[in-house]
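I have placed the structure first, in the form of structure tokens, so that the comments after it can refer back to it.
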Amino acid sequence: MFETNNLQQKMYDVAFYEYYVPEEERLESALKRNKENLVTELKLWDGYLEKMGKGSYLAGKNFTMADVVCFPVIAYFPRLHCPKDRCPRLMEYYEMLKDRPSIKASWPLEWLDNPVGPDTLKKL
């Protein structure tokens with residue numbers, strides 16, 4: 001769960017930078033640093049999944065609470081147009097889980113109504 005919080009915060013720091021930081025306080029260097037931090041975090045997560053092996057969940061061969069906690073954060077990456085080459089293992093994991101009945105049943109209604117989100121991670 002703590003690792004998920006790290007991933008989520010680093011993603012928010014990039015994806016919602018313009019929303020949270022008033023225009024007069026924005027710094028290109030801060031956004032660049034935030035992007036670098038997120039890219040590093042994505043590499044870490046790709047490494048976790050690489051160690052688990054293809055077709056594995058976060059904590060092994062079974063779907064666990066780790067997946068329940070992490071998937072909602074991970075689902076933001078394709079929605080916000082994160083380049084797949086930045087986190088290929090994470091996107092494989094996303095594709096493996098997105099059609100599970102429990103995930104489909106709990107998908108945010110606004111995401112069902114508008115499946116394409118903003119492209120705030122497109123230039124990551």
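All of the numbers you see were taken from the coordinates with simple rules; none came from a lab. Being a predicted model, the structure only gives us computed values, none of them experimental. All Cβ positions, even for glycine, are placed from backbone atoms using ideal geometry, and neighbour counts span all protein chains on display.
Looking at (1) exposed (fewer than 14 other Cβ atoms within 10 Å of the Cβ); (2) part of a loop (DSSP other than H, G, I, E, B), can you tell me which one HIS81 breaks? Of everything listed in (1) exposed (fewer than 14 other Cβ atoms within 10 Å of the Cβ); (2) part of a loop (DSSP other than H, G, I, E, B), HIS81 misses just condition (1).
Just checking, does the stretch 105-112 include any residue being over 15 Å from GLN8 (Cβ atoms) and touching a residue at least 40 places away in the same chain (Cβ under 8 Å)? So far as the stretch 105-112 goes, no, none of its residues is over 15 Å from GLN8 (Cβ atoms) and touching a residue at least 40 places away in the same chain (Cβ under 8 Å).
Taking into account only those residues within the stretch 9-46 that are of a type in the set (Ser, Thr, Tyr) and over 11 Å from THR120 (Cβ atoms), which is nearest to the chain's Cα centre (by Cα)? Let's see the steps before the verdict.
From the stretch 9-46, those of a type in the set (Ser, Thr, Tyr) are 12, 17, 19-20, 29, 40; that's our starting set.
From what's left, over 11 Å from THR120 (Cβ atoms): 20, 29, 40.
Details: TYR20: 18, SER29: 22, THR40: 13 Å.
Step by step, filter the stretch 9-46, then rank; the result is THR40.
Quick one: which residue in TYR12, TYR17 is free of Cβ contacts under 8 Å to residues at least 12 places away in the same chain and of a type in the set (Ser, Thr, Tyr)?
On the way: TYR17 fails: free of Cβ contacts under 8 Å to residues at least 12 places away in the same chain.
Exactly one residue qualifies, and that residue is TYR12.
Identify, by number, the condition in (1) hydroxyl-bearing (Ser, Thr, Tyr); (2) buried (at least 16 other Cβ atoms within 10 Å of the Cβ); (3) out of contact with any Ser or Thr (no Cβ under 7 Å at 6 or more places or on another chain) that TYR57 doesn't meet. Evaluating TYR57 over (1) hydroxyl-bearing (Ser, Thr, Tyr); (2) buried (at least 16 other Cβ atoms within 10 Å of the Cβ); (3) out of contact with any Ser or Thr (no Cβ under 7 Å at 6 or more places or on another chain) leaves (3) as the failure.
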